[in-house]
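What follows is calculated from the coordinates using simple rules that are stated; it is not laboratory data. Keep in mind the model is a prediction, meaning the values are calculated, not measured. Because the Cβ atoms are built from the backbone with ideal geometry, glycine has one as well, and the counts that use them run over all protein chains shown.
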Amino acid sequence: MWRRMKKLTSGLITTVLSILLIVTAFTVIFHQATDGEPNVFGYQLKTVLSGSMEPEFQTGSIIAIQAKENITEFQKGDIITFHNSDGMVITHRVDEVKDNGAQYVTKGDNNNRADSELVLAESIVGQYTGFTIPYAGYVTQFANSKEGALFLLILPGVILVGYSIINIGRALRQLEASSKQEPEVSNNQ
């Protein structure tokens with residue numbers, strides 16, 4: 001019974017470490033291949049870096065943004081993601097539509113006043129879909145850093161190799177023990 005539990009636990013640990021290594025490798029490669037802009041089924045995933053839209057979504061959350069073909073269709077109350085004049089990506093709520101959608105006044109829900117800069121329609125990346133994963137952005141930010149990618153790729157690999165070495169050592173000791181227990185057959189008759 002004890003051996004069966006030990007074998008089951010060993011297999012489970014190996015499987016979990018292998019899956020962790022594969023998922024981490026896939027995530028890092030996917031992030032590098034998409035130039036830091038993950039796109040899943042047509043939705044861009046963005047990490048919320050400030051609290052300007054709280055309580056709609058928390059700092060450190062991941063939100064899904066859907067690109068829109070008609071960038072002049074947004075209405076007051078829609079949440080849009082756009083590039084400001086400094087090239088920063090911002091997600092705020094439309095507070096006012098100007099020039100039939102050619103420009104927008106935006107405001108963060110948690111900010112006291114509207115943004116000082118008008119958002120041009122061509123600066124809009126997409127619209128918030130309502131999909132949020134709270135606090136997952138902290139993990140992706142760490143995984144996307146050089147140190148995080150290195151840590152998350154190497155650590156599971158080292159643990160998996162170390163665990164494999166321990167298992168091989170145990171198997172060799174068991175083989176030695178079983179070969180010592182076998183009676184020697186003598187050739188003297």
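For the reader, a short list of remarks on this structure follows.
- Hull-based mean projected area of the chain, where the convex hull spans the alpha carbons, in square nanometres: 17.3
- FRET efficiency, 1/(1 + (r/R0)^6) with R0 30 Å, evaluated for Leu49 and Thr9 via beta carbons: 0.15
- Of all DSSP beta bridges in region 79-189, antiparallel share, percent nearest 5: 100
- Unit charges at the beta carbon, dipole of the chain: most positive-side option, Ser18, Gln44, Leu153: Ser18
- The GluC sites (Glu not before Pro) of region 39-88 meeting both criteria, a DSSP state outside H, G, I, E and B (loop) and at most 14 other C-beta atoms within 10 angstrom of the site's C-beta, are Glu69, Glu73.
- Only one residue of Asn70, His92, Gly60 has its Cα farthest out toward the positive end of the dipole of region 35-142, where Lys and Arg carry +1 and Asp and Glu -1 on Cβ, and that residue is Gly60.
- The count of lysine pairs in the chain that are at least 8 places apart or cross chains, and whose C-alpha atoms lie under 28 Å apart, stands at 13.
- To the nearest ten degrees, helix 2-33 and the longest principal axis of the Cα atoms of the chain are 40 degrees apart.
- Nearest-20 debye value, region 72-155 charge dipole, Cβ charges on Lys, Arg, Asp, Glu: 240
- Put a plus charge on the Cβ of each Lys and Arg, a minus charge on the Cβ of each Asp and Glu, and nothing anywhere else: the dipole of the chain about its Cα centre is then about 1340 debye.
- Taking every Cα-Cα distance in region 35-142 and sorting them into 10 Å bins starting at zero, the pair-distance distribution P(r) comes out as 15, 50, 31, 4, 0 percent.
- Relative to the longest principal axis of the Cα atoms of the chain, helix 146-181 runs at roughly 20 degrees.
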